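The values are calculated or read from the model by the stated rules, or taken from the named source; none is laboratory data. Everything numeric here is computed off the predicted structure, so don't read it as measured data. In this analysis, Cβ positions are derived from the backbone assuming ideal geometry, glycine residues included, and neighbour counts consider all displayed protein chains. Quick note on the areas: whole protein, heavy atoms, side chains included, nothing else; ligands and nucleic acids left out. Shrake-Rupley method; radii C 1.70, N 1.55, O 1.52, S 1.80 Å.
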Amino acid sequence: MDKTAQKIIEALSQVVSPLAASSLLKRALGGQSPEALEPQRWAELIEGPLQREIREILPMNGLLPELKQLAQQLKTQARSPQPVAAPTLEVTDLAEYIDLQSESERQRLVLELARKEGVLAVVLESSYGRELRLGAYSEGLADLLSTMHRLLDRKGSYRVFYTVFREAQLVLRPLGQGYLAVLTRNEANLGQLLYRMGKIEALQVGAEQ
C-alpha cells in the first residue's frame, strides 16, 4: 500500500473502524491509483474529496489534527526541490495508554477531560472503580451510560460511539472491561473529541481480569 494512503487510514482509524477508513479513502480517490499521486495531489485530496467524505459520516468542522498536519507536510514536500522522506505519523502519537489499576491515573484522565471547553460530564468505569465528574448531573447519568455501553457491547465490539442530543453530544469509548464517556455542549468540537477519545487505550500490562 502507498505510504501516504496508509498514514491516512491510520489517522482515520482513530475515529472509525479500519474498514470504514479504507472505504472513505477509496471513495475520495474516485478510482485514482494512490501510487500515481504526487504530494501536492495528495494534499488536495485530503483537504477536498476526503474532507467531504468525512463530513458525510461525522458531524465535524475541519480536518482531524493529524490529517491537517499530514496535508501541510505534503505541501511542504511538494515545494521542496530536494527529496523529502514521506510524511510519517509516529505510533507514539496514535495511542495514549492508561493504567486502569492506578486510581491517580484514572482520576487524572477524568479531570483532564472534564476541564476541556464545553465538557459537561465525564465518566470512567472499570473493574477497579468508577471515576466521575458529573457537573450538574446526578449519578443516574453514570448508570444510564453503563446500560448504554452494555447494550452496544452485546451487539459486537465497537471502537467509538457518538450521538447528538438536542442540547448535548455524547462520545462513548470502550476501555478495558469498562468504558469512558464524555458529554459536551453541542457547540463543542466533536471531531477533536472523537480524535482524542480514539487515541486512549487501556494498558495491557497487568490489565483487568
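Taking 0.36 nm per residue of sequence separation and subtracting the Cα-Cα distance, how much length would be gained by fully extending the chain between Thr163 and Leu19, in nm to one decimal?
On the way: separation 144, 0.36 × 144 = 51.84 nm, distance 2.08 nm.
Working it through step by step, the gained length comes to 49.8 nm.
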* So what is the relative contact order for the chain, in percent, with contacts set as C-alpha pairs under 8 Å and at least six apart? -> 22 percent
* Structure fact -> With no solvent term and unit scatterers on the alpha-carbon positions of the stretch 3-79, Debye gives log₁₀ I(q)/I(0) at q = 0.14 Å⁻¹ of -0.38
* Structure fact -> Amide H proximity to Glu201 below 5 Å, modelled H, separation 5+ or other chain, gives Glu96, Tyr97, Ile98
* **Computed FRET value (nearest 0.05) for Thr147 with Arg79, which takes r as the C-beta separation and R₀ as 41 Å** => 0.15
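Of the accessible area of the stretch 96-202, with the probe set at 1.4 angstrom, what percent is carbon plus sulfur? Show your work: numbers first, answer last.
Details: 2510 of 5490 Å².
Whole-percent figure for carbon plus sulfur exposure: 46.
Quick check on the chain: helices-only [θ] at 222 nm, where DSSP H runs of length 4 and up contribute -39,500 (n - 2.57) each and the sum goes over total residues. Nearest 500, please. Working shown, then result.
On the way: 8 runs with 88 residues, N = 209.
Calculated mean residue ellipticity at 222 nm is -12500 deg cm²/dmol.
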* Structure fact -> Between the modelled labels at Lys3 and Glu139 (7 Å from Cα along Cα→Cβ) the distance in nm is 5.4 nm
* Carbon-plus-sulfur fraction of the accessible area of the stretch 3-79, 1.4 Å probe, in percent? -> 50 percent
* Regarding the chain, what is the average projected area of its C-alpha convex hull, in nm²? -> 13.1 nm²
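For Arg115 and Gln32, compute 0.36 nm times the residue count separating them, minus their Cα-Cα distance, and round to one decimal in nm. It would help to have the intermediate numbers written out before the result.
Numbers: separation 83, 0.36 × 83 = 29.88 nm, distance 4.34 nm.
Gain in length upon complete extension: 25.5 nm.
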* Structure fact -> Computed over the stretch 96-202, the relative contact order (Cα-Cα under 8 Å, seq sep at least six) in percent reads 30 percent
